[in-house]
Amino acid sequence: MRSKIIYGLAIMGLLAVGCNNPDDGSYVDPITIYEKVDGEWGLMNLKMVDEYAKANAIEPSEQNLSALFNYEDFKLRLNVDENMQPTTYEVLGDVPPLFSPNGYWKLSSAFQQPNGEAINIYLYSDAQKTTLTDELKLISVPGSNEQMEIQLVRTSGGNPFVSYSFKLNAVN
């Protein structure tokens with residue numbers, strides 16, 4: 001008789017615990033990098049690196065271009081649609097173009113890579129995104145400080161010879 005009571009209590013206890021349905025809130029889609037980079041970005045610093053000089057320990061291998069050629073006016077606007085999908089981009093300011101000043105864009109991945117690899121920003125001249133004009137690397141993804149870093153690398157014969165590092169902060 002005692003064992004039946006213990007079994008009965010155990011079953012009631014399991015039913016009480018098993019029927020517990022915790023409310024963790026409603027489902028929310030994960031935040032993508034598109035949401036983080038959407039908007040207008042102002043230049044904090046622009047550095048040009050002579051990759052050949054750097055590889056061969058020739059100094060100087062770097063030059064700060066931030067205050068030269070009106071780059072202090074440089075702004076980059078990355079636009080997304082209401083579904084957080086990339087649409088157009090535009091370089092604002094009277095600056096010499098280092099890459100195509102307007103067009104369409106997309107990322108190589110909507111989320112950060114677990115292996116830490118940089119995400120590519122592909123720039124296109126057409127809305128169908130078939131004609132690639134340039135490729136940037138997203139070195140630093142914006143977070144709580146609303147800053148990001150992108151890099152443009154120019155190559156010849158597959159070898160990098162100069163790179164430009166743009167440190168940007170959110171304007172809007």
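Restricting segment 106-138 to residues that are in a loop (DSSP other than H, G, I, E, B) and charged (D, E, K, R), the residue that is nearest to Leu168 (Cα to Cα) is Glu117. Here are some residues: Tyr71, Tyr89. Which one is open to solvent by less than 50 Å² (accessible area, probe 1.4 Å), over 11 Å from the mean Cα position of the chain (by Cα) and under 12 Å from Leu46 (Cβ atoms)? When all the criteria are applied, what remains is Tyr71. Check segment 47-61 and report whether any residue there is of a type in the set (Lys, Arg), over 17 Å from Asn169 (Cβ atoms) and in a strand (DSSP E or B). No. Does Gly103 count as assigned to a loop (DSSP other than H, G, I, E, B) and not polar (S, T, N, Q)? No: the conditions fail for Gly103.
Among the residues making up segment 74-83, a single one is surrounded by 15 or more Cβ atoms within 10 Å (Cβ to Cβ) and either part of a loop (DSSP other than H, G, I, E, B) or modelled with pLDDT under 90 (or both): Phe74. Could we say that Ser165 is over 17 Å from Glu35 (Cβ atoms) and at pLDDT 90 or above here? When the stated conditions are applied, Ser165 passes them. Considering segment 114-136, and only residues there that are open to solvent by less than 70 Å² (accessible area, probe 1.4 Å) and charged (D, E, K, R), the residue that is farthest from Ile33 (Cα to Cα) turns out to be Asp126.
Considering (1) in a loop (DSSP other than H, G, I, E, B); (2) more than 30 Å from Ala55 (Cα to Cα), the lone condition that Tyr89 does not fulfil carries the number (1).
Looking at segment 35-68, which of the residues that are without any contact (Cβ under 8 Å) to a residue 40 or more places away in the chain and among the acidic types (Asp, Glu) is most open to solvent (accessible area, probe 1.4 Å)?
My answer is Glu59.
All of (1) surrounded by fewer than 14 Cβ atoms within 10 Å (Cβ to Cβ); (2) within 18 Å of the chain's Cα centre (by Cα); (3) without any contact (Cβ under 8 Å) to a residue 60 or more places away in the chain hold for Phe111 with one exception: (3). Residues in segment 139-167 that are in a strand (DSSP E or B), out of contact with any Ser or Thr (no Cβ under 9 Å at 6 or more places or on another chain) and more than 13 Å from Leu98 (Cβ to Cβ) were compared, and the one that is least open to solvent (accessible area, probe 1.4 Å) is Ser140.
The values are calculated or read from the model by the stated rules, or taken from the named source; none is laboratory data. Note that the structure is predicted; figures quoted are calculated from it, not measured. Positions of Cβ are backbone-derived with ideal geometry, glycine not excepted, and every protein chain shown enters the neighbour counts. Ligands, DNA and RNA are stripped out before the accessible areas are found, and what is left, the full protein with its side chains, is counted by its heavy atoms. Shrake-Rupley method; radii C 1.70, N 1.55, O 1.52, S 1.80 Å.
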